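The next block holds one structure in the form of structure tokens; read it before the comments.
The values are calculated or read from the model by the stated rules, or taken from the named source; none is laboratory data. For clarity, every value in this text was computed on a predicted model and none was experimentally measured. Using ideal geometry, Cβ is built from the backbone for each residue, glycine included, and neighbour counts are taken over all protein chains shown.
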Amino acid sequence: MSLVSRNSFFVGAFLALIFVANSAFAQSKDPISTKYIAKETFMVLSLQPSKIAACADQKSETTKYVIDVIKKFSGLEVKKLDQILLQIGAGKGIEDEEEAVIVTMHFSEAADMDAITKKMGEEFNYEKTEKDGKPLFKPEDEDQPYMFFPDKKTLVMCLESRLDAALAGGKNDAAKMAKTLTTSDHIGVAFNLSNEDQQEFVDKIFEESPLGQMGLDTDLIKSVKSGHIHINLKSNDSISATMVCKDSKSADAMVEAGKEALEAMTEGLEQAETQLDQAPPGIAEVAEEVLEVAFKAIENTKIQAKDSKVTVNTQVKGGLIKMVDGVAKGVEQMMKMFDQLGGG
């Protein structure tokens, strides 16, 4: 099993947090922390869990449930977790996808190392050792990820062979790429396929995935060479993205493909709208609210090309949080229904 798969449980858990956000926060435009970005990194996914958690409706059963589940299975206290960076690299010293992934976590206060290593590393049988006088948790199987705490507020998680690359990172082109992301992004992605090794890695992913069977033009997708995506659930400017294609022809084709995708999404939402009368009253009302925001988001999405650059902007008054909050309410309604059916 790959490192990506082994860590999917906590990466997925943090993505689940977007379903509980529900309030404003200070709009900082500071770059994210890039101290441990390795030079071979070509893609960075940034998440801001504590800001999302701070936005949550604390009275919501869904909010409490998601946060409790994350702590139970990972040992992480979301409100103290400022940033998660998932970086993927390719090049010298990276032989396979297990070595490609480095996960960095930045906490607002000292992390509970014992709780984290016990929960996330339960199946790895960690042994506590040291590296440069700092806590290093070594798995029984060296093909599993190590956990290193370079300071009390930081966790670096990767294979041992990639640990030095992470610790030597922060002052390279990959870090500069990652600094296009800011702390005001709930979710951010930056990537740059600048060399042959990186492109070959991505090509392999497409070859091994079912994207082509889904009707997607993989050649067109692979024509994108660099870019960054910003998602802020509360801002009126909810989604913004910039992508640089290999040439203007590819950029124009990407715009057309994007517009077709929006039309397909609209048709899917319209189909879902016709099924609302079959849903239970509480669920139907929530679903109607969610669909209303989704329609507005699609309607207010602009995709444009200039030379080889493609820009995507989605504006939703009040932010996508309305849609996310609606989904959370729907989950809460279903939880109550299950309780009633179970006689609770």
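E256 fails exactly one of the following numbered conditions: (1) free of Cβ contacts under 8 Å to residues at least 24 places away in the same chain; (2) surrounded by 14 or more Cβ atoms within 10 Å (Cβ to Cβ). What is the number of that condition?
(2)
Taking only region 80-96 into account, find how many residues are modelled with pLDDT of 85 or more and either not aliphatic (A, V, I, L, M) or not in a strand (DSSP E or B) (or both).
At the first step, the residues of region 80-96 found to be modelled with pLDDT of 85 or more are 80-90.
In the following step, the residues that additionally are either not aliphatic (A, V, I, L, M) or not in a strand (DSSP E or B) (or both) were identified as 80, 82-83, 87, 89-90.
The qualifying residues number 6.
Here is a yes/no grid of residues against (1) in the same structural domain as Q83 (by TED's automatic domain parsing); (2) assigned to a loop (DSSP other than H, G, I, E, B); (3) surrounded by fewer than 15 Cβ atoms within 10 Å (Cβ to Cβ); (4) at pLDDT below 95:
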position	(1), (2), (3), (4)
K171	yes, yes, yes, yes
E200	yes, no, yes, yes
D203	yes, no, yes, yes
S240	no, no, no, yes
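Here are the criteria: (1) in a loop (DSSP other than H, G, I, E, B); (2) at pLDDT below 90; (3) crowded, with 21+ Cβ neighbours inside 10 Å. Tell me which single one Q27 does not satisfy.
(3)
When you look at S184, is it closer than 23 Å to S46 by Cβ and surrounded by 15 or more Cβ atoms within 10 Å (Cβ to Cβ), yes or no?
Criteria met by S184.
Filter region 103-137 down to residues that are out of contact with any Lys or Arg (no Cβ under 6 Å at 6 or more places or on another chain) and assigned to a strand (DSSP E or B), then give me how many there are.
Let us first name the residues in region 103-137 that are out of contact with any Lys or Arg (no Cβ under 6 Å at 6 or more places or on another chain), namely 103-106, 111-126, 128, 130-136.
Imposing the further condition that a residue be assigned to a strand (DSSP E or B) reduces the set to 103-106, 128, 130-131, 134-136.
Within region 103-137, residues that are out of contact with any Lys or Arg (no Cβ under 6 Å at 6 or more places or on another chain) and assigned to a strand (DSSP E or B) number 10.
Any residue that is touching a strand residue (DSSP E or B) at 6+ places or on another chain (Cβ under 6 Å) and within 11 Å of A38 (Cα to Cα) - is there at least one of those in region 191-199?
Looking for residues that are touching a strand residue (DSSP E or B) at 6+ places or on another chain (Cβ under 6 Å) and within 11 Å of A38 (Cα to Cα), one finds none in region 191-199, hence no.
Surrounded by fewer than 22 Cβ atoms within 10 Å (Cβ to Cβ) and among the acidic types (D, E): does that describe D114?
Yes: the conditions hold for D114.
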